[in-house]
1. Can you give me the distance in nm between label points at residue 91 and residue 109, each placed 7 Å from the Cα along the Cα-to-Cβ direction?
2. Let me know the Rg and Dmax you get for the range 158-295 when you use only its Cα atoms, in Å.
3. Any idea what the relative contact order of the range 1-158 is, in percent, if you count C-alpha pairs under 8 Å spaced at least 6 apart?
4. Which whole-number percentage describes the relative contact order of the range 95-181, with Cα contacts under 8 Å and a sequence gap of 6 or more?
5. Multiplying the sequence separation of residue 153 and residue 62 by 0.36 nm and subtracting their Cα-Cα distance, what value in nm do you get?
6. How would you rank 87, 22, going from fewest to most other Cβ atoms within 10 Å of each one's own Cβ?
7. For residue 117 and residue 39, what is the calculated FRET efficiency with R₀ set at 30 Å and r taken between the beta-carbons, to the nearest 0.05?
8. Picking from 53, 89, 249, which is most flexible by a Gaussian network model of the chain using Cα springs under 10 Å?
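Please treat every number below as a calculation from the coordinates, not as lab data. Please read all numbers here as calculations on a predicted model, not as lab measurements. So basically every Cβ, Gly included, is an ideal-geometry build from the backbone, and we count neighbours across all protein chains shown.
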């Protein structure tokens, strides 16, 4: 999935630990072969452009069904049909130039949640435009983290942490601890620490994948509604019960900004958004997120403008 996965666990003995870890990493590899849009042989890639009904695997269906819920809640700010646009912006990042307007317009005609039909009775999907494809980069990694944790639990491991490129899901706390201590990414005083058990945390932003052109910083994240890469995108950190939810909502809030926080909270998600402003930054934090910071002994500093 284009990143490194790491597992930390407590087990009865080394044999159990190694067996559980192998099962979890095996599950991640299985999902990579299903959900990656970089692999031309993946189930996801083989669906591109199919305008007839296609039955999909239980894993892909689970991801698509949840993604549809988040897309509805965010009025399209999160949209897995964004692949035609993300491919254009990936090429733009490699070349160091903006996509041509006619190419952007053509890609926009193949993007939109209303252009992806789902049939829960047959677990099938259909594209309503021939150039459509799916980009699960904002949700698949979270699903893989959840599934890896389930694989560990199925082998008797109840205390574990699974990390995928900085996104983390944890089960019960290590022995003698209240939770897993997790350092948060941030800018200057916005760094922090939380302690979590039976929860997940995900961060989204352009700290690593971006390109600069004529003094503007273009993120790898694309707004599905406008078709354009985010400029000076915020750094978003999300806490949720499941890693799939944390992953998806971190991506969604990168697009909506603070306007999406109310919807996030209604869906059981707590978040912090750090947005650049006037050479500094401004912070918006939900009450539940501040409580998590306080429980770890870290005070949430007031917004810096």
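1. Roughly 1.6 nm, to one decimal.
2. So, for the range 158-295, Rg and Dmax equal 15.2, 53 Å respectively.
3. After rounding, I find 35 percent.
4. 15
5. Contour length minus Cα-Cα distance gives 30.8 nm.
6. Ranked by crowding around the Cβ, least crowded first: 22, 87.
7. The formula returns an efficiency of 0.80 here.
8. Judging by the Gaussian network model, the answer is 53.
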